[in-house]
Amino acid sequence: MRIVSGLVLGLLSVASAHAAPPHYRVNADFDPQGNLKADVTVTLTEAMPEKSFLLSRRFALQPMQLPSGVTVTTEPAEKPVEELTRYTFHFAKPTAAPVKLRFLYTGQINTKHDSNAAALRPEGFELFIDHMWIPIGADIQTRFTVDADIEGLAPDLVVVAQGDVKRTKTGVRIRRDFIDIDLPMVAMQGLQRAEAHGVEFFGRDLSTRLSGFYVKHAEGAARYFEAMFGPLPRKVRMAQVWRKSGLGYARTAYTVLSEGGRSGEDVPEVNPARYVAHEVGHAWWMLASPLSEDFWLVESAAEYMSMRYVEATFGAGEIARNIASKVDGSKDAGPVMGHGRPNRIQLYGKGPLILWELDKRIGRPAMDRLMIAMAHEPVHTTPIFLKHLTAIAGADQATWFETAMRT
Ligand SMILES: [Zn+2]
């Protein structure tokens with residue numbers, strides 16, 4: 001009996017150690033009006049009873065040719081954005097052999113659910129997960145490698161994307177051998193390129209104060225965080241786009257910023273510094289589920305690290321101003337944890353303030369050991385954070401922290 005269970009355990013661990021991540025083969029073809037023709041094959045190698053994907057309802061999907069032993073059920077879904085369809089694939093026999101799911105669909109790339117960042121604008125494309133234009137794991141945590149051929153890009157569009165990017169006359173080939181939850185891309189007219197330590201920066205005017213500050217502080221923050229967490233695994237490609245919305249976001253080795261309302265002769269240097277340090281911070285802080293209360297380990301942690309960079313670079317006065325505005329903004333924030341995904345104020349205001357307070361309570365050397373231990377974890381959850389906090393600073397500090405986050 002003991003021998004048998006030992007064997008079973010041994011086999012299981014071998015199987016999971018060898019499971020390759022999901023792989024996406026994406027063929028996408030755009031016409032000048034933004035009509036998309038897509039052919040996406042998702043290859044799954046990990047054995048599982050079922051797997052769900054989300055795709056925007058604005059796309060018309062052709063009936064799928066499913067591999068034998070695979071069935072699909074569909075239902076409408078309104079989260080994390082509206083007007084989605086959830087496709088759940090059921091596998092009769094969970095198998096470690098690759099299963100290929102092919103999605104063929106057409107539809108308009110622009111949507112009203114675009115976080116005020118339209119996918120297609122007069123200057124070109126900005127594509128990311130909010131547009132739900134390829135099937136995305138319904139947990140929003142399914143990380144995949146990707147080979148993409150995207151056609152229908154005018155010759156004057158400069159493409160910024162992850163991995164190996166080859167512009168062709170009519171499109172782009174993207175080969176990404178590292179995993180991420182998204183296939184983000186900026187393809188816009190007139191982007192110029194600048195390079196510094198840790199960053200490749202793209203913007204339409206590299207001579208503005210804002211562009212200069214972004215490049216300077218992307219490099220500064222990369223060096224500051226590297227001294228704590230070790231080398232950035234990959235240079236961060238950073239695209240500065242122009243739209244009214246100030247929305248910015250980070251993926252692995254990729255960040256999009258906006259000029260939106262920020263550029264000008266009088267922009268104070270600390271603003272773009274704080275902002276870009278937050279986005280560079282995501283190189284180490286992006287491994288918690290965006291659908292769960294643990295999401296503070298993405299946004300509050302990146303914001304706390306940005307506060308550290310501001311303090312180190314601009315001094316005590318600047319960080320005191322930043323803390324005062326966060327205190328003022330999060331007066332009525334409510335608990336960060338205990339109700340699913342925290343809201344904006346909880347993520348960017350109250351969460352970072354509690355981390356800052358923890359830093360004061362346990363002392364900077366212990367706080368650094370905690371953040372370094374956490375940054376090296378492959379998955380970020382609150383229990384893992386509390387485990388490290390208990391080991392480093394004791395159970396009382398862990399209880400204080402959890403209570404503060406839940407109050
Ligand atoms: Zn962020």
Item to check | Compactness index (Cα Rg / 2.2 N^0.38 Å), the range 293-406 | outcome: 1.00
Checklist entry - Counting DSSP beta bridges in the chain, what percent are antiparallel, to the nearest 5? => result 80
Checklist entry - Counting Lys +1, Arg +1, Asp -1, Glu -1, what net charge surrounds Pro155 among other residues with beta carbon under 12 Å of its beta carbon? => result +1
Checklist outcome for this item: Rounded to one decimal in nm, the spacing of the 7 Å Cα→Cβ label points at Ala316 and Thr71 is 6.9
Item to check | Extension gain from Lys93 to His113, taking 0.36 nm per residue of separation minus the Cα-Cα distance | outcome: 3.5 nm
Checklist outcome for this item: Taking every other residue with Cβ under 10 Å from the Cβ of Glu83 and scoring Lys and Arg +1, Asp and Glu -1, one gets +1
Next on the checklist: Around Ile129, under 9 Å between beta carbons, what's the net of Lys plus Arg minus Asp minus Glu among the other residues?
Outcome noted: -1
Checklist outcome for this item: One finds, for Ala194 and Thr168 with R0 = 41 angstrom and r their Cβ-Cβ distance, a FRET efficiency to the nearest 0.05 of 0.95
Checklist entry - Measuring from label point to label point, each 7 Å out along Cα→Cβ, what is the Arg102 to Trp242 span in nm? => result 4.3
Checklist outcome for this item: Taking Cα pairs closer than 8 Å and at least 6 residues apart, the relative contact order of the range 192-281 in percent is 32
Checklist outcome for this item: One point scatterer per Cα, no solvent, Debye formula: log10 I(q)/I(0) for the range 21-183 at q = 0.11, 0.13, 0.14, 0.18 Å⁻¹ comes out as -0.44, -0.61, -0.71, -1.18
Next on the checklist: If the only charges are +1 at each Lys and Arg Cβ and -1 at each Asp and Glu Cβ, what is the size of the charge dipole of the range 21-183 around the Cα centre, to the nearest 20 debye?
Outcome noted: 420
Checklist entry - Three principal axis extents, largest first, for the C-alpha atoms of the chain, in Å? => result 67, 63, 37
Checklist outcome for this item: Once both label points are put 7 Å beyond Cα along the C-beta direction, the Leu206-Thr390 separation in nm becomes 5.1
Checklist outcome for this item: Pairs over 23 Å Cα to Cα, from Lys37/Lys166; Lys37/Lys169; Lys37/Lys100; Lys360/Lys387; Lys216/Lys326; Lys169/Lys244, come to Lys216/Lys326; Lys169/Lys244
Checklist entry - With the contact rule set at Cα under 8 Å and sequence spacing of 6 or more, what percent relative contact order holds for the chain? => result 10
Checklist outcome for this item: Within the set Leu120, Leu36, Leu247, GNM on the chain using Cα springs under 10 Å gives the largest fluctuation to Leu247
Checklist outcome for this item: Hits for the chain under the membrane-span-like helix rule (DSSP H, Cα axial span at least 27 Å, Kyte-Doolittle mean at least -1.0) are 209-229
Item to check | Cβ charges +1 (Lys, Arg) and -1 (Asp, Glu), total dipole of the chain, debye | outcome: 460
Item to check | Per-residue [θ]222 nm for the chain (sum of -39500 (n - 2.57) over DSSP H runs n ≥ 4, rounded to 500) | outcome: -10500 deg cm²/dmol
Checklist entry - So for the range 316-407, taking the charge dipole from beta-carbon charges (+1 Lys/Arg, -1 Asp/Glu), which of Ile323, Gln346, Met374 sits furthest toward the positive end? => result Gln346
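Values in this text are rule-based calculations from the coordinates and carry no lab data. Keep in mind that what you see is a predicted model, and the values were worked out from it rather than measured. Methodologically, a virtual Cβ is constructed for each residue, glycine included, from the backbone with ideal geometry; neighbour enumeration extends over all protein chains shown.
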